[in-house]
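J.: Take a look at the following structure, please.
What follows draws every value from the coordinates through simple rules; no lab data is involved. As the structure is a computational prediction, the values presented were derived from the model and not from experiment. Backbone-built Cβ (ideal geometry, glycine too); neighbour counts: all protein chains shown.
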Amino acid sequence: MSTEYHNCFVCGKENPIGLKIDFSYDEAGSAFAKLSLPALFEGYPGMIHGGILSTLLDEAMGKAVIHSGKTAYTAQLTVNYRKALSPENQVSVKAWILHSKSRTIQTAAQIYDAKTIYADAEAVFVVPRKAP
C-alpha cells in the first residue's frame, strides 16, 4: 500500500505550499517526524497557528493508520493546545493507535520537544464501507 500522496499539504513533496514532512515508523507502528515550522505558518506573531498544529497531529495519526494496513478517514478529532509553539523551534510529532475494531480506529498524537508538550490529540478514524 502506497503512503505517498504527492499533493498532500503535510507530506506531499510536489505541493508548492506544503510542509513536506517526512514520516518514519518505529517497531510498534507509531508514526513520527522531526520538524521545525517557519514564521510563514504563524497565527499571532511568534506563535505557530493552531490549525497547523491540528493538521500535523491529524496527519501523523493518519500515517499510523495507513502504516497498519488500513485506509480510514478522520471522523472525530479532539486537540488540546498546551503551550504556544514558536517558529523555528525543533519539535517532534508522534502518533500511535490506541485500539482498533472492525471499522473504527482510535489514535493519539503529540507535538513535543525534550521539555514541553505543545499539543496533543485523540482521533477516531473510520474505515469506509465497501461499495455494494
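J.: Only residues that are of a type outside the set (Val, Ile, Thr), farther than 16 Å from residue 117 by Cα and in contact (Cβ under 8 Å) with a residue 24 or more places away in the chain: list them for segment 1-36, please.
T.: If the condition is that a residue be of a type outside the set (Val, Ile, Thr), farther than 16 Å from residue 117 by Cα and in contact (Cβ under 8 Å) with a residue 24 or more places away in the chain, then 1, 8, 9, 11, 19, 23, 25, 28, 29, 30, 31 are the ones that fit.
J.: Do the conditions hold for residue 59, that is, is it without any contact (Cβ under 8 Å) to a residue 60 or more places away in the chain, buried (at least 16 other Cβ atoms within 10 Å of the Cβ) and in a strand (DSSP E or B)?
T.: no
J.: Go through (1) touching an Asp or Glu at 6+ places or on another chain (Cβ under 9 Å); (2) touching a residue at least 60 places away in the same chain (Cβ under 8 Å); (3) not hydrophobic (A, V, I, L, M, F, W, C) for residue 107 and report which single condition fails.
T.: For residue 107, the exception is condition (2).
J.: Select, from 30, 68, 24, 54, the only residue that is of a type in the set (S, T, N, Q) and either touching a helix residue (DSSP H, G or I) at 6+ places or on another chain (Cβ under 8 Å) or crowded, with 20+ Cβ neighbours inside 10 Å (or both).
T.: Of the residues listed, the single one that is of a type in the set (S, T, N, Q) and either touching a helix residue (DSSP H, G or I) at 6+ places or on another chain (Cβ under 8 Å) or crowded, with 20+ Cβ neighbours inside 10 Å (or both) is 30.
J.: Quick one: would you say residue 87 is surrounded by 15 or more Cβ atoms within 10 Å (Cβ to Cβ), farther than 13 Å from residue 112 by Cα and of a type outside the set (D, E, K, R)?
T.: Yes; evaluated as a whole, the condition is true for this residue.
J.: Right, something else. Quick one: is residue 74 under 11 Å from residue 123 (Cα atoms), touching a residue at least 12 places away in the same chain (Cβ under 8 Å) and surrounded by 13 or more Cβ atoms within 10 Å (Cβ to Cβ)?
T.: In short, yes.
J.: Out of all the residues in segment 112-130, which are part of a strand (DSSP E or B), farther than 18 Å from residue 66 by Cα and either out of contact with any helix residue (DSSP H, G or I) (no Cβ under 6 Å at 6 or more places or on another chain) or of a type in the set (Phe, Trp, Tyr) (or both)?
T.: 112, 117, 118, 120
J.: Being assigned to a helix (DSSP H, G or I) and closer than 22 Å to residue 108 by Cβ narrows it down to one residue among 29, 51, 69; which is it?
T.: Just one listed residue meets the conditions, 51.
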